[in-house]
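Structure record follows, encoded as structure tokens.
Nothing in this text is a laboratory measurement; each read-out follows from the coordinates by a stated rule. These figures come from a predicted structure and were not determined experimentally. No Cβ is skipped: glycine too gets one built from the backbone with ideal geometry, and neighbour counts run over all protein chains shown.
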Amino acid sequence: MAKRTPKSLKDDKKTNLKSSFDALVYIPRFFKEIWQVNKKLFLLSAFCRLVGALLPVIILWIGKLIIDEIIHQTSIDIADYRQLWTYVAAEFALVILSDLISRAISLTDGLLGDKYNIATSVTIIKKTNQINISLLEDSEFYDKLERARTQTTNRVGLMSNVLGQAQSAISISTLVAGLIYFEPYLIILLVLSIIPSFINEIRFSQQQYSLARSWTSERRELDYLRFIGANDKTAKEIKLFGLTDFVVNRFKNLSEEYFELNKTLAIKRSALGFMFNVLGTLSYYGAYVFIIYRVLSGVITIGELTFLSGAFNRLTRNLQDFFAKFTRISESALYLKDYFDFIDISIVSKTKEDLELPKKIKQGFEFKNVYFSYPDSDVEILKGINFKLIAGEKMAFVGQNGAGKTTLTKLLLRFYEPTSGEILLDGVNINRFNKGKYQEFFGVIFQDFFRYEFTVKENIAIGNIDEIENQIKIETAAELSLANEVVSELKNGYNQQLGKRFSNGQELSGGQWQKVALARAYMKEAEVMILDEPTSALDAKAESDVFGRFIGLTEGKTSIIISHRFSTVRQADRILVLEHGKVLEIGTHEELMKNQSLYSELFSLQAEGYQ
């Protein structure tokens, strides 16, 4: 993590008030996605909100009728309360209905939100799978992914707020109609009480988003510091090297910096909010005094007084809520823009046609003058690579760290595209094949394989997930990789949960994990096998057994082995030696030993270590 420079609220110039409104164009597309998630729930929610929007003004109107009826009955000699009790019963029923509708809205919103959360998470996972690894390793792109991934709660809240706005708009319209019918001048006071507060809120919501956006990478750093500071995988080194204070101070300093910026924004927002709220309160009581004056003047009845005061009070609260929600909607729409920006990333493919892959490799692979640099980097990792990997051949890649061995395999797997040059399969540029089908050609285990905290069975089946229920195949793969020895020591066998993240999980040693990971390669009857440092955590005997089985199993298949152990490398048909991103030498073990070059030197140095 590089040393950071302090930020201020003015650092992010990418968002402004206009961008807050521009982001609202994503709302229709957002609701199209929600509609597709569950149409019945959406329609039920919309119906409940329509009913809920009409109920407030109806309840207020019945309240007016009750007051007027009471005054009327007290002014006559022979009272008849049947109409009064009818009004009271009607109001009671409507209040119960209002509560029922409110709960139905909360229920449908919650269920819709959960379904949409699932749908968007699935979409993000699938989209991530389509994106080139080179993009995923770019920090700016990863920030975009992080914003898309972590704002699910905002999107669910946005759904409720927008649906609530539609309900509020109907309710406000009916209340405004009631005010206009009796006292249209109250509308002026209403506007004075609401608009200033609305402008203040939307201005600060935009600034809040700007702050959150500009701090995306820092918030990722905070998450990383939390992880390494309180995690079983890092606890040993944290304790041994006395890193607690270092991690705590780094976390605290970064958190405090963000806290101070956020505090400044919050204080300004609260102070101005208070001032505008005082103005709103003055407007409300001005309206209230006006209504009382009209009653005392005999212009309106007591019942109309209760209706107007109740309507103005409810309308004020509804409008405040409406504009507050609008600011939250405009802010959330900015996060929605981040989500759709990520989903809309175009996947640029150099494949111009989807040629049919050969059922069996006949000639093999050829690297022709291949150069490669990582995106946004001028450093060439590979420089003019030329060699052939003959069909059915077992080739080992050898070289010191950083020579480009793993990069070669990633180009072969089409995780990256060469900066220049080309890679051929049976004389055809591999970019002309469908990428997904082409990658199915390979069975691969990388040195940095992932330790999935699933069951043993699931961890092995990952190599060919379509065969997850094929227990015989899973057990055969385990025997070939020696993972069956690991399984025999586990309480629940192949159903044993691995890792400590979940209950009843059991952690494995590095060598045990490597045997389980190796079994994945045997799950797939691939045309090409690639093992990148596959036995680095195994002891010498286990390594010899693993490679003995591997050589026998891959007889006649094209294979690539990357290893620093020359007892393994010498079993390959040919050995490719890389130095500084170039092919230094290539040949059999015997040929390279005669060359008296890098391979011979490295082999001799390692052999001395065993003498």
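So what is Rg over Rh here for the stretch 374-474, counting just Cα atoms and using Kirkwood for Rh?
Numbers: Rg = 16.6 Å, Rh = 16.4 Å.
Dividing the radius of gyration by the Kirkwood radius yields 1.01.
Place the peptides 501-508, 413-420, 459-466, 87-94 in order of packing, highest mean first, counting for every residue the other Cβ atoms within 10 Å and averaging per peptide. It would help to have the intermediate numbers written out before the result.
Details: 501-508: 12.1, 413-420: 17.2, 459-466: 20.1, 87-94: 14.6.
In descending order of packing, they fall as 459-466, 413-420, 87-94, 501-508.
Give me Rg/Rg_expected for the stretch 451-524, where Rg uses Cα atoms only and Rg_expected = 2.2 N^0.38 Å with N residues. Kindly include the intermediate steps, with their values, before the conclusion.
Numbers: Rg = 10.8 Å, N = 74, 2.2 N^0.38 = 11.3 Å.
Dividing the Cα Rg of the stretch 451-524 by 2.2 N^0.38 Å gives 0.95.
All other residues with a Cβ under 13 Å from the Cβ of LEU498 taken together, and with Lys, Arg as +1 and Asp, Glu as -1, what is their net charge?
Values: positive: ARG451, LYS457, LYS491, LYS500, ARG501, LYS515; negative: GLU453, GLU458, GLU489, GLU507.
Combined, the nearby Lys, Arg, Asp and Glu give +2.
Search the structure for amide H atoms under 5 Å from the amide H of ASN434, placed 1.01 Å from N in the peptide plane, and list their residues when 5 or more places away or on another chain.
LEU355
A 31 angstrom limit on the alpha carbon distance is what I want to check against. Which of LYS127/LYS491; LYS360/LYS405; LYS362/LYS383 exceed it?
On the way: LYS127/LYS491 38 Å; LYS360/LYS405 25 Å; LYS362/LYS383 27 Å.
The answer is LYS127/LYS491.
Go through LYS126/LYS388; LYS388/LYS594; LYS40/LYS64; LYS394/LYS515 and tell me which ones have a Cα-Cα distance over 28 Å in this structure. Let's see the in-between values first.
On the way: LYS126/LYS388 35 Å; LYS388/LYS594 21 Å; LYS40/LYS64 37 Å; LYS394/LYS515 21 Å.
Pairs exceeding 28 Å: LYS126/LYS388; LYS40/LYS64.
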